[in-house]
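See below for the structure under consideration.
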Amino acid sequence: MSKANSLLEVRDLTVRFPGRAAPITAVKDVSFDLAPGETVALVGESGCGKSTIGLAIMGLTGATQVAGSMKLSFKNGERRNLAELSDRAMQQVRGNEVAMIFQEPMSSLNPVHTVGWQIREAITRHQGSTRALADDTALRLLSQLGIPDAGRCMRSYPHQLSGGMRQRVMIAIALSCRPSLLIADEPTTALDVTVQAQILELLKSLQAETGMAILFITHNLGVVAEIAQRTMVMYAGQIVEAGAVDEVFHGPRMPYTRALLDSLPQLNSRGDRAKLSAIPGQVPNPAALPPGCAFHPRCRYALHGLCDRQQPVLETSVDRIVRCLRWKEIAMAGAP
Amino acid sequence: MVVKPRRIIGFALVACALSCALLANVIAPHDPLRSSVAFLSPPSAMHWFGTDELGRDVLSRVVHGARTSLLIGFGAALVAMTIGAPVGLIAGYAGGKLDTIAVMLVDLFVSLPGLVLALVITAMVGPSLVNLALVLGFVMWPSVSRLIRGQVLAIREHTFVEAARAAGGTPAWIIAHHIWPNTMRVTAAQFSVSVSLAIFTSASLSFLGLGIPPPTPDWGGMVRAGYDFLAINPLLSLGPGAAVTITVLGFYLIGSSIE
Amino acid sequence: MLTIVIRRVLLAIPTMIALTALLFFSLTALLGSPAAIMLGQDASTEAVAAINARYGFDRPLYVQYFAWITSAIHGDLGRSHVTQQSVVSAILPAIAVSLELAVLAMMLAAVTAVLSNTLPTGRRIVGPFVVSANLIAITVPNFMLGISLIFIFSVGLGWLPSTGWAPWSEGAFVHLKHLILPVLTLSAYYFGLFSIIYRAEYRDVEKRLFIQAARAKGISRSRVAFRHALPNAILPVITLIGLSMGQLAGGAVVTETVFSMPGIGRLLVASIASHDFPVMLAIAMLIVMGVVVMNLLADIAYTIINPQIRID
């Protein structure tokens, strides 16, 4: 079931880390498609495996077992399965076909090299330009990203720049070779709210200009609404719901999604008596998942005998995916 | 206690050395001080390591040498701990000017070449068992205090210390009952490493001629004496040299496995 | 950065004065009467008085100290009691020998330690070997290693000489051939030390986000190791090299003795054995000054290399 024009086609992606007793499954049977130019948000709490998916696509998960396929349409028209490529071959892909930006702008930049050096490195790696040409490209990129005095920025070291500037530098590095897919792993989480908004705007305008797709990984639902067209919700290593952002946010089918949305503080809550409704319980330890549906211990619709025995499978309707045994009944009963 | 190969090997080696020291008379095949006419004889069934230039059995001398080395090692480590631990505890806990001055002095001391320092002082006071233990302990205490101070700084900020302070504990009481017990691990490790270093340094001093005077078997001194006869019987030097290495390694492994 | 450097240098000067003074006073105090040391305990009072007058030991200590310092600045460190030669003429060539040995040993130790712990393939396969080698390197006493090497390569195989010093006049090749074993011996301990510190630091650096970000750029593993990880992990090693050079300010006493090298270390031991006070004092003072200077250089080097300190 592959879409004709999908940029990235992920099928049954499973990632296992070596654990103390047995391997821990961080990501289980994840499948999705990314069309060129679209922004898809991958949402979930910490530890649900969303960052791992990003790293798996980049081939940076380290000494772990990665199963499944990840077919990417390259810029030159070829279509190859990233999971089959050697590390050497992946080095051609990283930064060039697929780029990644990370959460902590300060820690993502090497403290002992100037910003200019680091941008140049990305450019010369894939385009083999001369230093002058690389500098040129870098300067243009930085100005485009809204950095005043790009020249001075190039000569600076990371610790001399502000958080927002560093993140822009990161984006410049990521975009320097015009990748067709950008994986953004919580790029705004460590930033001030105002800077956050700026970066999101920046990403949207860059996307409009370059036509690249963005896989936006975050735990912040507010950001999702701002930037993504489609969203996938993850829990305990699996996708539990997916669909257009509007549909999922206004009509969540999976109780977990519902609970996530409910836990967002509402601006027009009834006075200061209204409590934040947190999801009871804790994210399960991937090494010791509950039997049956992984969410059932925290789910207010859990049916004893059903949800704690059977593992829900993915049900797909047109562009909508749910992993819940009771979603139809819950939807029909109306939202309590 | 977690089983680590490092620790096991360390204990095994130290056990060897300790048994030699404690049971020297039982283990050693001959009297280490008895000279004979058969000097510089090669290794044989009767003399596994051969005999030295005075006809004494080398193996027995190596076994007996353990006693001196271990005594000096433990003695020096004790001295270093006795001085270094209180200094580290107090400086670390007190903080402020006292701490800053202590740190400066200790840093300076630590950067001096220890062997040279020990050399000069030993030369002046004369090499005896007690003197060597004292001098080496004196050379080692600053680095011990530095380590303990580091531990104290880490522990000091924990809430249980704050709680003790809020409950009205005096600094002395808090140090004795809260801080010190939590530095035990580091202290034990450091003790073992200090023994290792003391034996290492005292062997070097003996090699340079500043060890326990003859005829007491002394590893470093034996290496020095045997050096002249390296071509005739290398075991005269390499035997005691290996003994030093094994003992130093053993204590070091134990110390580093505790961390 | 310049202000930091100047401040450090200025701080070093009073430190040096304080330490040399402390050394001076404690040496003379501990020795009791230097004259008695030099002549033996049962020397006649006239002999003692003669020595005192000749060397000025009867003056107040602080006067002696200043006199020593002023002469030292003018390049005069007194005369050896034993050889009657100027101390400077005895010390200078010895310093050259020790310095050459120390520098070569440090370089070998640093390069091997860093390389064996950085090369990507090396680290996985060679790893356990390096860890064991480190342990042995820091526990084997110099004299044991030196004598073993002599036994194998000199007595046994006859490839290398058993002494560590041949003057340059005998030719560069001969000179270097003599240095091979002593340099190996001396560098062993430092190899272990540097390796342990660097390995731990490298492990930490590897976990940092910018390493993953660098790989995400598509850069090869070895480039990430050498251009991204190494420059960050090597900072503590640089400081350590400086401090270690300070430790060798007294020469590598044991190594020089094993290989019969005419260095400062062996000179110190000899002067102690022959009760040659002026030489002892001069060398001890030099050691203290050397330590302060090397510490200062290590400090400055760290400040220069680390951009986070160098700039603002």
- Could you grab the pairs with beta carbons closer than 7 Å, sequence gap of 6+ or different chains, first residue in segment C:215-229 and under 18 Å from A:THR61 (Cα atoms) and more than 7 Å from chain A (Cβ to nearest Cβ), second one among the charged types (D, E, K, R) and surrounded by fewer than 23 Cβ atoms within 10 Å (Cβ to Cβ)? none
- Note on the structure: Within segment A:98-108, restricting to residues that are surrounded by fewer than 22 Cβ atoms within 10 Å (Cβ to Cβ) and part of a helix (DSSP H, G or I), the one that is nearest to the other protein chains (Cβ to nearest Cβ) is A:SER107
- Residues satisfying the stated conditions in segment B:1-37, i.e. in contact with a His (Cβ under 8 Å, 6 or more places away or on another chain) and of a type in the set (A, V, I, L, M): B:ALA24, B:ALA28
- Number of the exception - A:ALA67 against (1) closer than 30 Å to A:ALA259 by Cα; (2) in a strand (DSSP E or B); (3) of a type in the set (Gly, Ala, Ser): (1)
- Item | segment A:212-222 - residue that is modelled with pLDDT of 90 or more and in contact with a Gly (Cβ under 8 Å, 6 or more places away or on another chain) and, of those, farthest from A:GLY54 (Cα to Cα) | A:MET212
- Task: Kindly check whether there is at least one residue in segment C:188-210 that is outside any helix (DSSP H, G or I) and at pLDDT 90 or above.
- Result: yes
- Message: Based on this model, can you work out whether A:GLY95 counts as on the phi > 0 side of the Ramachandran plot and at the interface with another protein chain (Cβ under 8 Å from one of its Cβ atoms)?
- Response: yes
- Task: Within segment C:55-83, count every residue that is in a helix (DSSP H, G or I) and within 14 Å of C:ASP276 (Cβ to Cβ).
- Result: 1
- Task: Search segment C:139-155 for residues being farther than 15 Å from C:GLU256 by Cβ and at the interface with another protein chain (Cβ under 9 Å from one of its Cβ atoms), and hand back the single one that is modelled with the lowest pLDDT.
- Result: C:VAL155
- Task: State yes or no: is A:ALA56 over 22 Å from A:ASP136 (Cα atoms) and surrounded by fewer than 22 Cβ atoms within 10 Å (Cβ to Cβ)?
- Result: no
- Message: Considering only residues that are under 15 Å from the mean Cα position of the chain (by Cα) and buried (at least 24 other Cβ atoms within 10 Å of the Cβ), which ones fall in segment A:242-263?
- Response: A:ALA242
- Item | Among the residues listed as A:PRO158, A:PRO111, the single one being at pLDDT 90 or above and surrounded by fewer than 21 Cβ atoms within 10 Å (Cβ to Cβ) | A:PRO111
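This table checks each residue for (1) in contact (Cβ under 8 Å) with a residue 60 or more places away in the chain; (2) under 21 Å from the mean Cα position of the chain (by Cα).
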position: B:LEU18; (1), (2): no, yes
position: B:ALA38; (1), (2): no, no
position: B:PRO42; (1), (2): yes, no
position: B:ASP57; (1), (2): no, no
position: B:ALA77; (1), (2): yes, yes
- Message: Restricting to segment C:253-312, name every residue that is within 12 Å of chain B (Cβ to nearest Cβ) and among the basic types (Lys, Arg).
- Response: C:ARG266
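The values are calculated or read from the model by the stated rules, or taken from the named source; none is laboratory data. Just so you know, these numbers come straight off a predicted model, no measurement behind them. When we count neighbours, we look across all protein chains shown, and the Cβ atoms used for this are built from the backbone with ideal geometry, even at glycine.
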